[in-house]
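I have placed the structure first, in the form of structure tokens, so that the comments after it can refer back to it.
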Amino acid sequence: MTEDARKKIQALELFSDLGSGLHIAMKDLEIRGAGDLLGGEQSGFINDIGFDAYQKILQEAIEELKENEFKDLYPIDHDTVKEYVKEVQIDTDFEILFPDDYVNSVSERLILYNKLSTLETEEELQVFEQEITDRFGPYPTQVADLLDSVRIKWLAKKMGLEKVILKQKRLLGYFVADQQSDFYQTEAFSKMLQYVQTHPKSCVMKEKQTKTGLRLLVTFIKIDSIAKALTVLKSIG
């Protein structure tokens, strides 16, 4: 084993807690000598794809190592439901934001967006909702849609949707890219199949050729609001 490989394994062991992807990425940059992270002296492919994309790729590689080569070091907790989707991307033409006439300060809006991105449960979201109402008053439609978009992300993640597009009164959901993934044997995917079969007039599932290869996607029609999209996904269970 090379010295660099040994250092990377040590980094994995040191930063194995949830949310430590940034620390691992920084450690890997240190090991590889990637240059000035915040300056203009970036080196290698990280300069081309950006640090966020690099961190995502690195995190995926780490998870793969944990599940394969180093699975003995990271035993599977069978009581934990496996996550097949790490992050859901939402692309929409609806306004999902804190309008500047609702929250005047740019820095305050950034703080709110950051806090919103860390929430993981409905209970936390409801507390957040009450906090902004207490501070800024009743919120407009854009904020209601923003909060519901978080709920949509949670549901989409459980349903194996890596990307959700909400445009032109349609909801398009892109399933896990790896078509050999165990996700396609799960109860969540079976529920989606059952829903599509029993609602042929409102949704359809098909494969589509994309730049990254063949992808399975589901399309729902007559989705004219964020609230409607949330209602449909909730009904799938």
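Tabulated results
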item	result
Filtered residues of region 99-131 (kept if in a loop (DSSP other than H, G, I, E, B) and under 19 Å from the mean Cα position of the chain (by Cα))	L119, E120, T121
Members of region 79-98 found to be more than 15 Å from the chain's Cα centre (by Cα) and surrounded by fewer than 13 Cβ atoms within 10 Å (Cβ to Cβ), listed by number	D79, T80, V81, D93
Conditions (1) modelled with pLDDT of 95 or more; (2) among the polar types (S, T, N, Q); (3) farther than 24 Å from L97 by Cα: number failed by Q185	(1)
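The values are calculated or read from the model by the stated rules, or taken from the named source; none is laboratory data. Every value quoted in this text rests on a predicted model; they were computed, and no experiment measured them. Positions of Cβ are backbone-derived with ideal geometry, glycine not excepted, and every protein chain shown enters the neighbour counts.
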